[in-house]
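Peer 1: First, the structure itself, so that you have it in front of you.
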Amino acid sequence: MRPRDRNLGSRLVTALSQFDTSVRSLPGVHSNACMATLVEQIVESVRRVEFVTRISGRPVAASRADPSNATMFDPVRGAIWHRGAGDDEEAAWLTFLFVHFGKHRRGGWRYLREAYAGVGGGSPWDWSTVSSDGAAAFCAWIRANASTLSRPGAGFGPHRKYESFSSTADVIESYVKWVSTNHSHRQLISDALANEGSPEAAFARLFNSMDCVLRFGRLAKFDYLCMLKKLGLASINPGHPFLTGSSGPLQGARLLFGVNEPPTVLDQWVAQLGAALQVDMQVMEDSLCNWQKSPDKFEPFRG
């Protein structure tokens, strides 16, 4: 663990030990090696989650939002730039594309960048253009250019490795329909907050309503909504880690608590533990997933 993280690590060890003895047993960290490994995974997750919030407060060059600039384009910083320019709709759209395509280990953002830019003669596919006809033109363009866009050298990110351009048009069409039902991203989020009354309930409402977005499973929905929060685009917050339908995070929770309880029960327990540790649910979800892969020896997450 890096020296600058040691204070956080010490606080987490103390909080985990207190929770284990006073609230609920945590047999998964009763060995020193497993305790140290989980703490290091939590610290790493905190840093990853904080990174987006940290860069959101810094100036961002317009080139970061320009998909024709292969060197400078970055969808996260691009979303920050659009938000700073007052275009929350474009920022939310780029966030969706970021989650759908992901970042390929070798090809980086190429899939996302070229689709967004309309490489090969298409127009830049910004939100105004895409949503104007329910995504019909964009989807037709993607289908017509699928072989060019999917040429060797790039791919979808590790969390989206089973996706393809053959299904991307349908995913995007369903996403545009989801947003357009409420006219805009801003109205969709505003309605959820107004109807539910709390950031946690609004997050859950949006999470459940995204079932209509094709091939956007539990992790994609969770990551997308958490990213909207981190970018300052939505005042929502996950009240629990949404373990139902997960694999790694659920296995991590069962290992930590030493029981085979249903996901809904473990959701409550993980939320209770997160409150005691003073870390948010994205950190808990992420760290439990990475910890269960190697519970007694720290293995850094590399995407």
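What follows is calculated from the coordinates using simple rules that are stated; it is not laboratory data. Just so it is clear, the structure is predicted and the values come from calculations on it, not from any experiment. Here the Cβ is made from the backbone with ideal geometry for all residues, glycine too, and neighbour counts use every protein chain on show.
Peer 1: Which Rg and Dmax, in Å, describe the Cα atoms of the chain?
Peer 2: Rg and Dmax of the chain, Cα atoms, are 20.1, 64 Å.
Peer 1: Something else: Kindly provide the chymotrypsin sites (Phe, Trp or Tyr not before Pro) of segment 250-303 that DSSP labels as loop, not H, G, I, E or B, and whose Cβ sees at most 16 other Cβ atoms within 10 Å.
Peer 2: 301
Peer 1: Express in whole angstrom the spacing between the alpha-carbon centres of segment 196-212 and segment 1-69.
Peer 2: 25 Å
Peer 1: For the chain, set up a GNM with springs between Cα atoms under 10 Å and report which of 225, 188, 38 has the largest fluctuation.
Peer 2: 188
Peer 1: To the nearest 20 debye, what charge dipole does segment 61-230 have about its Cα centre, counting +1 at the Cβ of each Lys and Arg and -1 at the Cβ of each Asp and Glu?
Peer 2: 780 debye
Peer 1: Semi-axes of the equivalent ellipsoid for segment 61-230, please: Cα gyration tensor eigenvalues, times 5, square-rooted, ordered largest first, whole Å.
Peer 2: Over the Cα atoms of segment 61-230, the semi-axes work out to 25, 17, 16 Å.
Peer 1: How large is the dipole of segment 1-128 about the Cα centre if only Lys and Arg carry +1 and Asp and Glu carry -1, each at its Cβ, rounded to the nearest 20 debye?
Peer 2: So the dipole magnitude of segment 1-128 works out to roughly 580 debye.
Peer 1: As a check on your grasp of the helix formula, calculate [θ] at 222 nm for the chain: sum -39500 (n - 2.57) over DSSP H runs of n ≥ 4, divide by the residue count, round to the nearest 500.
Peer 2: Calculated from helices alone, the mean residue ellipticity at 222 nm is -18500 deg cm²/dmol.
Peer 1: Ok, one more. Which FRET efficiency value, to the nearest 0.05, do you get for residue 299 and residue 183 by plugging their Cβ-Cβ distance into 1/(1 + (r/R0)^6) with R0 = 41 Å?
Peer 2: Calculated transfer efficiency: 0.35.
Peer 1: Could I ask something else about it? At a 10 angstrom cut-off on C-beta neighbours, averaged per residue, how do the peptides 282-288, 114-120 rank from highest to lowest?
Peer 2: Result, highest mean first: 282-288, 114-120.
Peer 1: Could you give me the ³J(HN,Hα) list for segment 277-289, computed from phi with Karplus coefficients 6.51, -1.76, 1.60 and θ = phi - 60°, whole Hz, x at Gly and Pro?
Peer 2: Rounded to whole hertz, the list is 7, 6, 10, 7, 6, 5, 5, 4, 4, 5, 5, 5, 4.
Peer 1: Given an 8 Å cut-off on Cα distances and at least 6 residues of separation, report the relative contact order of the chain as a percent.
Peer 2: Value for the chain: 22 percent.
Peer 1: Shape verdict for segment 77-166, please, from the Cα gyration tensor: rounded (a/c under 1.5), prolate (a/b greater than b/c) or oblate.
Peer 2: Oblate, since a/c reaches 1.5 and b/c is not below a/b.
Peer 1: Once you order the gyration tensor axes a ≥ b ≥ c over the Cα atoms, which shape class does segment 160-303 get: rounded for a/c under 1.5, otherwise prolate or oblate by comparing a/b with b/c?
Peer 2: Note, shape of segment 160-303 comes out oblate.
Peer 1: Enter the mean projected area of the convex hull around the alpha-carbon atoms of segment 1-108, in nm², rounded to one decimal.
Peer 2: Averaged projected hull area, Cα only: 9.9 nm².
Peer 1: Here is a further query. What are the ³J(HN,Hα) couplings of segment 53-65, residue after residue, when phi is run through the Karplus curve with 6.51, -1.76, 1.60 and θ = phi - 60°? Round to Hz, x for glycine and proline.
Peer 2: Listing the rounded values in order: 4, 5, 6, 5, x, 10, x, 10, 6, 4, 4, 5, 9 Hz.
Peer 1: With a 10 Å cut-off between alpha carbons and a GNM built on the chain, which of 39, 265, 213 moves the most?
Peer 2: Sorting by GNM fluctuation, first place goes to 265.
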